Amino acid sequence: MGPSIFDRLHFYESSYMSSHDSNLIEVEPEGLSIPSIFGSMAVSVVVVVVLVISGLTFAKYSFHQASMESTQVTGYPTKHETALLGASKLTSYGKSEGGRYTIPIERAMELEVIDATK
């Protein structure tokens, strides 16, 4: 009886590996290092972040300028001016046109609590 099928497969496998091992060609590296790739990626990210922040800052400045120009043209006060005026009315003493006196809201609430407890 001759060699079994398993012996033949082992022979072919070993002869295949030995003939191909001697013909291997080494691959040369491309010359790109990992630190330089990550470095360039980091620089790119920083540049993009700076551009986005500067764009948002410019847009905010442009919006503020447009808001100021429209307020000057129309004569309407800005939201900030309106809030300051309202806050000053709530926190100051004064006399109104009709002869009424105004007091700060905190003091008015204290007086209401005193009246409610009597």
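What to note about this one:
- In this structure, residue 32 does not qualify as hydrophobic (A, V, I, L, M, F, W, C), part of a helix (DSSP H, G or I) and either exposed (fewer than 10 other Cβ atoms within 10 Å of the Cβ) or on the phi < 0 side of the Ramachandran plot (or both).
- Restricting the first member to region 79-100 and to residues that are over 30 Å from residue 63 (Cβ atoms), and the second to residues that are of a type in the set (Ser, Thr, Tyr), the beta-carbon pairs closer than 9 Å and six or more apart or on different chains are 92/102; 93/101; 93/102; 94/101; 94/102; 95/101; 95/102; 96/102.
- Residue within region 45-65 that is touching a Pro at 6+ places or on another chain (Cβ under 9 Å), loosely packed, with under 11 Cβ neighbours inside 10 Å and not polar (S, T, N, Q) present: no
Any read-out appearing in this document is the output of simple, stated calculations on the displayed coordinates, not a laboratory observation. From a predicted model like this one, the values you see are computed outputs, not experimental measurements. We place every Cβ from the backbone using ideal geometry, glycine too, and count neighbours over all the protein chains shown.
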